[in-house]
Amino acid sequence: MRDPRFDILFETVQIGPLVARNRFYQTPHCNGMGNLRPQAHAAMRGIKAEGGWAVINTEHCSVHPSGDLMPEVLQMLWDDGDIPPLALMVEAVHEHGSLAGVQLAYPAYYNANRLTREVPLGPMDRPVSGNHPMQVRGMDKSDIKNLLGWWKAAAVRARKAGFDVLNVDGNFSTIAFQFISPRNQRTDEYGGSLKNRVRLLRELIEVTREGGGDGCAVSVRLIIDELFGPEGLRAADEGIEAISLLAELPDLWDLVVGTWADDSPTSRFAAENDHEPFMVGIKSVTSKPVVGVGRFTSPDTMASLIRRGVLDMIGAARPSIADPFLPKKIEEGRYEDIRECIGCNICVSSHFAMTNLRCTQNPTMGEEWRRGWHPEKIALAKSRSSVLVVGAGPAGLECARALGERGYKVTLAEREGFLGGRVTLEGKLPGLGEWQRVRDWRVTQLQKLPNIEIYKGSDLSAADTLEFGSDQIVLATGARWRRDGVGRAAHKALPFDTALPIFTPDDVMRGSLPGGNVTVYDDDHYYMGAVIAEKLALEGCKVTLVTPAADISSFTVNTLENIRVAKRLFERGVTMITHRSLLGTGSSSARFMDVRTGENSEQRADAIVLVTARLPNSELYSQLVSGIAEKPSIRISRVGDCEAPAAIFAAVYSGHRFAQEFEDSSPLLRRERIDLKAAG
Ligand code: ADP
Ligand code: SF4
């Protein structure tokens, strides 16, 4: 039963001529499927509608070939041929009673037009972002007129595709916002005063309405604060004023802050609802519904924002990825079933990888169509087989949970006195606390399943495991950090002087800490090196972080954290050195080679922490496989880090995949091919 204090979230909302069935609004988000994999895209959006989101938006949908973001996988409405893939999504969304929205966009300053080779257009002559060696041509009046025509034509097509809500995108990368920003230095009636700078957005709203016709609603996604200091648009002055100038023109305002990295910060750097200070006062300048985001997973926070008059609708991208059924679960009072986003931004990294969306918490994300996976439903067991899962990290927990959901009899054995494996340990490192949600959700679900038995403090040997008598053994025994220096830069063990203490992240996470002058060597390049450096700095060590890469935590460019990581380390007093690969250690120093010049150098140290690579804990697997001859009926498999160490999302996926495909002789893997007949 739902708590009445959350009833407010299930009130309807009038959006122009349309009614949203509740206050849950899936804001536009990239997904790596887009226009290239339209069936996968449609299935993913359809499941969100099934899960109760009242409005489901596409991602960025380009209105014209001169606004081309290729090779990023997004949407486009350049001609009528682009209508059918989007119509698929609309159908999937409508099937579950939700409204479908399209994010019409024109990416000024980001449009290198690598596919179409059109000359990029924008408010002013300026280099395109992303260091592409080309510039945008400043638009003249005829360009603006053309843009309005292209936009209207795209709106007409969007309507033909069946969309209900046509969104005018005024995000950081788009032309509407680039005109509004005080950084627009035009001297005609589209530059100068704020009234002039909002002119283009006003005209875009007007042509969108003309193109969409009476039945459609028109929404605007706009940056309320550019987070660019006095040179950028600021909420307190021109941000709110811009909205008041156009207050009643659109049917809904969807407001965001800064660039994508500010709009979607990771939990390492921002808590839930971090945008609220920017939203204060918006509702006093417009009577139209206001949507805001803030990685909302708490129904209390959501209801409070509505009740206090800050927002009218709860916008969400990541929470809807981690749990497409979030609204339904609140509606049914099943709060503990919400699979809360952990704020890791692995989902964002799949956009940059240009492949199907993936999520640490929700392993079915992006696999709805091609593998036929559903976040809330799974095929029933095919037999009465029993399964022993060894290891309760993310892979083991997810494997046991999903097998249990299917109805198999599962025993989960864990060596430690705690569940969660690496997420329990890593979750105690600075900024990673929310990652423990990976464990918490799974443990909560496991406790509801009568066919699961969990044994903590059970360190199973090969003999114990075989004697247990299960039909299937799944090893999820994880991995350990290497102590020999092997990683991406070094292929064989490095010469280490035993007089210099060597630590790994495992030592640090288990409370064995170095002291004094500590070198942290990061040849892993994701979060661990920087997080260990931060932890040791907080513990009072004088820390130098050294990496062979050109940048600190270089993978975190893909999770939008890179700049914040460096800033935080700087604030913590960590010295950062790039381009140096470790050669070995002496009794009180580490030796490095500059990867650019080949020059050697020495770094004085009291200890070194090696963050290089991990070794699978595969000993048990090897012993079992060699001893299986005695018990040929037992099947043995391994999942997660004990097969091949990777990031947490991969372990969850691996455990889930095993459970999905267990005793299924022909698991699905569909691909979307280009139809040459149709193309011809
Ligand atoms: P993954 O990310 O693949 O889930 P983790 O390292 O997080 O891997 O988790 C592996 C878990 O397996 C750890 O909690 C570890 O204590 C447990 N484990 C390892 N070997 C055994 C064993 N022989 N018996 C029981 N549990 C084990
Ligand atoms: Fe949230 Fe991480 Fe999933 Fe993205 S990948 S939705 S940030 S849990």
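A few points about this structure:
- You can think of it this way: the chain between F10 and A493 has 167.9 nm of extra reach, that is 0.36 nm per residue less the Cα-Cα gap.
- Taking GluC sites (Glu not before Pro) across the range 4-108, the ones in a DSSP loop with at most 13 further Cβ atoms lying within 10 angstrom of their Cβ are E11, E95.
- Loop GluC sites (Glu not before Pro), the range 395-485, which have at most 16 other Cβ atoms in a 10 Å radius of their Cβ (DSSP): E416
- Values of log10 I(q)/I(0), in the order q = 0.19 Å⁻¹, for the range 202-282 under a Debye, Cα-only, solvent-free model: -0.87
- 17 Å Cα-Cα reach of K542 towards aspartates and glutamates, excluding residues that sit fewer than 8 places from it in its own chain: D522, E534, E571, E602, D606
- Secondary-structure-derived ellipticity at 222 nm for the chain, considering helices only, amounts to -8000 deg cm²/dmol, per-run term -39500 (n - 2.57) for DSSP H runs with n ≥ 4.
- Likely footprinting exposure, D68, D7, D507, D594, fewest C-beta neighbours within 10 Å first: D7, D594, D507, D68
- Order of V595, V73, V119 - criterion: other Cβ atoms within 10 Å of each residue's Cβ, fewest first: V119, V595, V73
- Label-point separation, D606 to R483 (7 Å along Cα→Cβ), nm: 2.1 nm
- Stokes-Einstein, applied to the Kirkwood radius of the chain over Cα pairs at a viscosity of 1.002 mPa s and 20 °C, places its translational diffusion at 80 µm² s⁻¹.
- Net lengthening on full extension, E95/R308 (0.36 nm per residue, minus Cα-Cα): 73.4 nm
- Distance (nanometres) between label positions extended 7 Å along Cα→Cβ at A236 and S637: 5.7 nm
- Computed from the Kirkwood radius of its Cα pairs, the Stokes-Einstein diffusion coefficient for the range 490-601 at 4 °C and 1.567 mPa s stands at 90 µm²/s.
- Computed log₁₀ I(q)/I(0) - Debye formula, equal Cα scatterers, no solvent, the range 223-378, q 0.08, 0.10 Å⁻¹: -0.27, -0.41
- More than 13 angstrom apart: percent of Cα pairs within the range 60-119: 63 percent
- Cα-Cα over 31 Å, subset of K48/K456; K377/K567; K382/K428; K382/K448; K160/K283: K48/K456; K377/K567; K382/K428; K160/K283
- Taking other Cβ atoms within 10 Å as a rough exposure proxy, V611, V290 sort from fewest to most as V290, V611.
- Sparsely packed loop sites in the range 179-272 (the GluC sites (Glu not before Pro) outside DSSP H, G, I, E and B with at most 15 other Cβ atoms within 10 Å) comprise E189, E248.
- Dividing the Cα radius of gyration of the range 249-308 by its Kirkwood radius returns 0.97 for Rg/Rh.
- The modelled label-to-label distance between L615 and S386, using points 7 Å beyond Cα along the C-beta direction, is 3.4 nm.
- Overall form of the range 367-460 per C-alpha gyration tensor (a/c, 1.5; a/b vs b/c): oblate
- The share of Cα pairs per 5 Å bin across the range 338-379, counted from zero up to the longest distance, runs 6, 23, 28, 24, 14, 5, 0 percent.
Each reported figure results from applying straightforward, stated rules to the coordinates on display, with no laboratory input. As the structure is a computational prediction, the values presented were derived from the model and not from experiment. Counting neighbours? That spans all protein chains shown, and the Cβs are built from the backbone with ideal geometry, glycine included.
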